[in-house]
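Comments concern the structure below.
The values are calculated or read from the model by the stated rules, or taken from the named source; none is laboratory data. Values in this document were obtained by computation on a predicted structure and should not be read as measured data. Cβ placement follows ideal geometry from the backbone for every residue including glycine, while neighbour counts extend to all protein chains displayed.
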Amino acid sequence: MIGRSWLEISIKTIVQNYHICKSLLPNSIEVMSVIKADAYGHGDMQVGKALQDAGCQSFAVSNLMEALRLRDAGVTGQILILGYTPAENWSELVQHQITQALLSEEYAQALAGHQIMAQFAIDTGMNRIGLDGDDPAACETIIRHYANSFRLTGIFTHPSIADCEEGREFTLQQMAKFKAVADRIADMKLPYLHCLNSAASIWHEPYGNLSRLGIVLYGLKPDDSLTLPKGIRAALTWKTVISMIKTVHSGEFIGYGCAYHAKKELRVATLPTGYADGYSRALSDRGHVIIHGKTAPILGRICMDQMMVDVTEIPQAAFGDEVILCNEDYTPDDMAKTIGTIGYELICGISKRVPRVYIDE
Ligand SMILES: *Cc1c(COP(=O)(O)O)cnc(C)c1O
């Protein structure tokens, strides 16, 4: 049901962002499009197919279900599962030629023996997954030990603080640790060595031959302190409408908990979008929406399915008018900043009940 709360997504913009990123990377580095979490809310099948048509041959997801959706959509290239797949699902990995990240030696042991395509994760400082990069000799031993139980296609690590200037030194250390492992197994000629996310790819000296790009493809920033390369634009616009308009008198309250107390007469619009749609309740009383190009502050608490905004200063606002919750100019990054989180969280949280409309079609 379009007309209540919906996303307008420009696949063309995502493809354009992909081409811009590619142009900023050396030719020796292939782009792996990270389209986990439904392509950060943009629609994994649509984004996967379009990027494949644009020439991308590598994709990353977080789990087996996401990988299988891409195969269903006709994505034929490399698909790397970055996270955990239960060992009992090994045959699906083989059948659909999905590459599995090996999170630890213990996990490799559990999956070994089926010639699964796999890449060892190396932990270079994040302490999330991977073999201990502080001991490159032990990494080498483990990788060689499993060389015949898997079809090993690479190793990778993940930078934990490449998104800010203060992280430069730490990121260089992470790259150096990764390189120490890569050098020890150079004779194995594994096809892929990768250690770059968006932040490390665009704002650091790139290393390896694959770059795992997520957030920049969608036109958002890894961190507020960064400036996006020229031409990169947010691909998503979230819209709703004014479902009711009324006057609230001085002294009255608005919303749950009587959280907003009107100090003067206000013109108030009700919008049919709430936290069940993924509009963060943290934006209560702090966020704003855009109506007729003007800012309308949120009044009181965001409800499950609705919210109220102040349109006193927007006299032309009327029942049925379109409302922008975020777009290319007022991005999810801007919304996120207001409430101390990141754009990633907000876009991944836009719920499935918000229909996605693909506007270039
Ligand atoms: C999510 C993820 C990425 C992509 O990160 P962005 O900051 O969105 O570019 C890359 N690598 C791994 C391992 C990830 O989990």
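Key figures for this structure:
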read-out: Selection within segment 270-328 - among the hydrophobic types (A, V, I, L, M, F, W, C), under 19 Å from Gly255 (Cβ atoms) and touching a helix residue (DSSP H, G or I) at 6+ places or on another chain (Cβ under 7 Å); value: Leu283, Ile298, Ile302, Cys303, Met304
read-out: Selection count where residues are within 14 Å of the ligand (Cβ to nearest atom), at negative phi, touching a Ser or Thr at 6+ places or on another chain (Cβ under 7 Å) and assigned to a loop (DSSP other than H, G, I, E, B), scope segment 196-233; value: 4
read-out: Any helices (runs of 4 or more DSSP H) falling wholly within segment 1-101 and containing at least 3 residues that are within 17 Å of the chain's Cα centre (by Cα) and at pLDDT 95 or above; value: 11-24, 36-40, 44-53, 64-72
read-out: Criterion: within 14 Å of the ligand (Cβ to nearest atom), part of a helix (DSSP H, G or I) and of a type in the set (Phe, Trp, Tyr) - qualifying residue of Phe170, Phe178; value: Phe178
read-out: Residues located in segment 99-124, provided they are surrounded by fewer than 21 Cβ atoms within 10 Å (Cβ to Cβ) and without any contact (Cβ under 8 Å) to a residue 24 or more places away in the chain; value: Glu106, Tyr107, Gln109, Ala110
read-out: Verdict on Leu131 being of a type outside the set (Lys, Arg) and within 16 Å of the ligand (Cβ to nearest atom); value: yes
read-out: Some residue of segment 185-193 being in a loop (DSSP other than H, G, I, E, B), acidic (Asp, Glu) and surrounded by fewer than 16 Cβ atoms within 10 Å (Cβ to Cβ); value: no
read-out: Answer residue from segment 201-251, given it is among the hydrophobic types (A, V, I, L, M, F, W, C) and within 19 Å of Pro26 (Cβ to Cβ) and is surrounded by the most Cβ atoms within 10 Å (Cβ to Cβ) among those; value: Leu217
read-out: In segment 122-146, residue farthest from Thr171 (Cα to Cα) [restricted to those that are more than 25 Å from the chain's Cα centre (by Cα) and assigned to a loop (DSSP other than H, G, I, E, B)]; value: Tyr146
